[in-house]
Every structure is written in structure tokens, then in C-alpha cells.
Amino acid sequence: MLPEIGKVDRASFDRIIFPRLGKKDRSVRLGPRHGVDAAVIDLPDGSVMVIAEDPTFGMPVLMPYFGWAIVHICASDVAVLGVRPRYMTICLMLPPGTKDDVLENIWKQVHEECQKLGIAIVGGHTGIYPGIAFPLNGGCSVIGIGRKEQLTPASNARVGDRVIITKGPAIEATGILAHQAEAALSKKLGQAVVDKAKSHFLAMTVVKEALLAAPYAHAMHDATEGGLLNGVYEIAAASNKGVTIYEDRIPVLEEVSAVCGYFNIDPLISISEGTLVITAKPGNARTVISRLKRSGIRAWEIGEITPRDRIFVRASGKREELVPVAVDPFWSAYFSTLEPPK
């Protein structure tokens, strides 16, 4: 059975999608796999093309930053492969009645963020369609050109690699919920905590840290749906390796704990676009953390890649099997904040 909302689960993907991928082509170095962020295609000159595709759901709280989010969410999926994003196409779908200034604001943000990241917009489609309530990025494709030796796919983790994370868990969940439920959260937690939580919204990007870490990393992956634990699991599964991570090494910031606690959701399995999971050999792991911190990006080592078993060691010392997250609790929390239709 398909999930009620969010990404198609691993079992459904493997059963329905993975066996049916069109014509086989030997130039496809890395194709569709559950938990893999982008594809890699061999080019005739010996270089590689990295290409990623992502929608962006136009939830109300996202609208003031919608163009920013489109660019960074899509570009992040190319950057985690170790290659700088270079080209973009976009399919922007608008509901009937959309005003000129709404489109202008979205497009201005898309243009400005692409300029900052060095991305050329090379095509796409923009139109108005019934059946949608808010502007929707129906599909943004970002492409980068690089060398084979640059690649850092989730499938490239190696036994002995240290597991590093940036920023901490539940970045996206915290940022969105703090904006969406600001009034209620402020009454309960205080405005200072909510303001810190709201600042996580513009941390929903890993382009900068991925490109900083890439020269020293084996594998990288953005922790999106299912959060940090799911992101770590997906690296281990894609690499056909084990992993051991430790709860007491994972920093849950005060504002993250407060917002997730208010909604009674687990920050370790809540959507966390903006948290980069990196694996690197021990010596390089120290370099990665130092390099990130010098650029103002917090990073921590939380475990290591192992030959087989996938283990999550609780702060109590209890060892649990690390398994894929079936349902991200963020969605129920988010929809609980929406007013029912009148």
C-alpha cells in the first residue's frame, strides 16, 4: 500500500518503479535507486553529467521563500554528488487567479539564487492550471558537469568511514512548523525560541557544505523525508554496508527539541532538508569538520560505517536495529496546523 502522503516508500519503489526504467543504456553510470539523490551519466569526452529532479510543494508558509526553496532544494541534490550545479530547467504551475506580483516575486528569487550559485536557467514551462491551491514547482531539473573522480554518491560509503552530519536533525520540520504555528508556539515556548526555530527555514540547503566537503568525502546524502536516521540508513543501504551511530553524539538544538516536543514528533526521524550526511575516512573526517566549521557550518561525527549490521545505539546504551522510516511524523504535525476549509 502506498503512503498517504510523502515520498513513495522503499518497498513500493522496488516493486513498481525499479523494474520498469525504460530502455537500458550503458552510459547511465548511476540510475534511479531509492535514497539516491541524482543520476550520473557518462559523457563521450570522459566527463560525467549529474542530473537531479525535484518538485517543491507550495505550502502557504513557504510562499515568501518559494523561489529560494526551489533553487536550493534542487541544487542540493546535485551538490551532494560532489559536482557544482550549472544548469536548470523548471516547470512552474500556478493556480487560476494568480496575480502578476506573485509570479514576479517567485521568479525574481529563482533568478537571484541561481546567480549566486552560478546556475544558468536554460528552459522549462510556466502556466496556469486548475486543481492546485498554491503555486507548485511541478519539477525542477538541475544539471552539473564534472569528473568521475569527483563523485560522492550515497552508494560510495566504505567500511571504516566516519559518519558526519551538519546542522543537526529536523532542520526543515523545525523551520516550517515554527513559521506555520508561530502564534501558538510563541505562547507556549516564548518568542525568542520561536525566532531561533524560524531561522532554520533558510538553512534548508546543503549546496555550500556539500561542495566544501566533497574533496574529502566518499559518500554524501541530504537527510530529507524520514529525517536524519533515514538519511543514514539510506547511505548504508545504497552502499550495501552496515553502520553504527550513537544517539548521544547527535546534537538536538534547544529550539528543535522545543518545537518537535510541542508537536510530539521525534526530531531524529522528521524531515530535515539542510542536514548533510557525509562519510569519510577517519583522517579526512577531521578535515571535513574543521573545514565546515571555518565556514560557519556546524558539524559532528556521530558514528561509523561497518561491514554488515545497521545499529542505532540509544543514549541509554540500548542497541536497536536501524531501519527505514515508514512514515515521517512531520506531515501529520504540519496538517494539524492548517485551518479547516470554510
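The values are calculated or read from the model by the stated rules, or taken from the named source; none is laboratory data. Being a predicted model, the structure only gives us computed values, none of them experimental. With ideal geometry, Cβ positions are generated from the backbone for all residues, glycine too; neighbour counts draw on all protein chains shown.
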(request) Select from segment 151-176 the residues that are in contact with a Cys (Cβ under 8 Å, 6 or more places away or on another chain) and farther than 18 Å from Arg249 by Cβ and write down the one among them that is surrounded by the most Cβ atoms within 10 Å (Cβ to Cβ). (result) Thr174
(request) Just need a number here: residues in segment 18-52 that are modelled with pLDDT of 90 or more and either touching a helix residue (DSSP H, G or I) at 6+ places or on another chain (Cβ under 7 Å) or aliphatic (A, V, I, L, M) (or both). (result) 13
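Just checking, how many residues over segment 286-298 are out of contact with any Ser or Thr (no Cβ under 8 Å at 6 or more places or on another chain) and surrounded by 20 or more Cβ atoms within 10 Å (Cβ to Cβ)? Break it down stepwise before answering.
Residues of segment 286-298 that are out of contact with any Ser or Thr (no Cβ under 8 Å at 6 or more places or on another chain), as a first pass: 286-291, 293-296.
The next check asks that each one be surrounded by 20 or more Cβ atoms within 10 Å (Cβ to Cβ); those that pass are 288-289.
Total meeting the criteria: 2.
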(message) I need a count of the residues in segment 174-223 that are of a type outside the set (Asp, Glu) and assigned to a strand (DSSP E or B).
(response) 3
(message) If I filter segment 111-119 for residues that are buried (at least 20 other Cβ atoms within 10 Å of the Cβ), more than 28 Å from Ile235 (Cβ to Cβ) and assigned by TED's automatic domain parsing to the domain that holds Met49, do I get at least one hit?
(response) yes
(message) For the list (1) outside any strand (DSSP E or B); (2) within 29 Å of Tyr233 (Cα to Cα); (3) more than 16 Å from the chain's Cα centre (by Cα); (4) modelled with pLDDT of 95 or more, I need the number of the one condition that Ile145 fails.
(response) (1)
(request) Check segment 85-97 and report whether any residue there is more than 15 Å from Ser141 (Cα to Cα), surrounded by fewer than 19 Cβ atoms within 10 Å (Cβ to Cβ) and in contact (Cβ under 8 Å) with a residue 12 or more places away in the chain. (result) yes
(request) Please find, among Thr279, Thr306, Thr275, the residue that is among the hydroxyl-bearing types (Ser, Thr, Tyr), farther than 30 Å from Ala183 by Cβ and under 17 Å from the mean Cα position of the chain (by Cα). (result) Thr279
(request) Considering each residue of segment 1-36, count those that are of a type outside the set (A, V, I, L, M) and either surrounded by 14 or more Cβ atoms within 10 Å (Cβ to Cβ) or in contact with a strand residue (DSSP E or B) (Cβ under 9 Å, 6 or more places away or on another chain) (or both), and give that number. (result) 17
(request) Filter segment 148-173 down to the residues that are in contact with a Gly (Cβ under 9 Å, 6 or more places away or on another chain) and part of a loop (DSSP other than H, G, I, E, B), then identify the one that is farthest from Thr205 (Cα to Cα). (result) Val159
(request) Would you please list the contacts, defined by Cβ atoms under 8 Å and residues six or more apart or on different chains, that run from a residue in segment 39-60 that is not assigned by TED's automatic domain parsing to the domain that holds Ile176 to a residue that is aromatic (Phe, Trp, Tyr)? (result) Thr56/Phe66; Gly58/Phe66; Gly58/Phe134; Met59/Phe134; Met59/Tyr334; Pro60/Phe134
(message) Exactly one condition in (1) more than 21 Å from Ala219 (Cα to Cα); (2) modelled with pLDDT under 95 is false for Trp68; which is it?
(response) (2)
(request) Go through segment 74-91 residue by residue and tally those that are β-branched (Val, Ile, Thr), out of contact with any Ser or Thr (no Cβ under 6 Å at 6 or more places or on another chain) and more than 14 Å from Pro135 (Cα to Cα). (result) 3
(request) Scan segment 135-142 and give yes if some residue there is more than 18 Å from Ala79 (Cα to Cα), hydrophobic (A, V, I, L, M, F, W, C), in contact (Cβ under 8 Å) with a residue 12 or more places away in the chain and not assigned by TED's automatic domain parsing to the domain that holds Gly35, otherwise no. (result) no
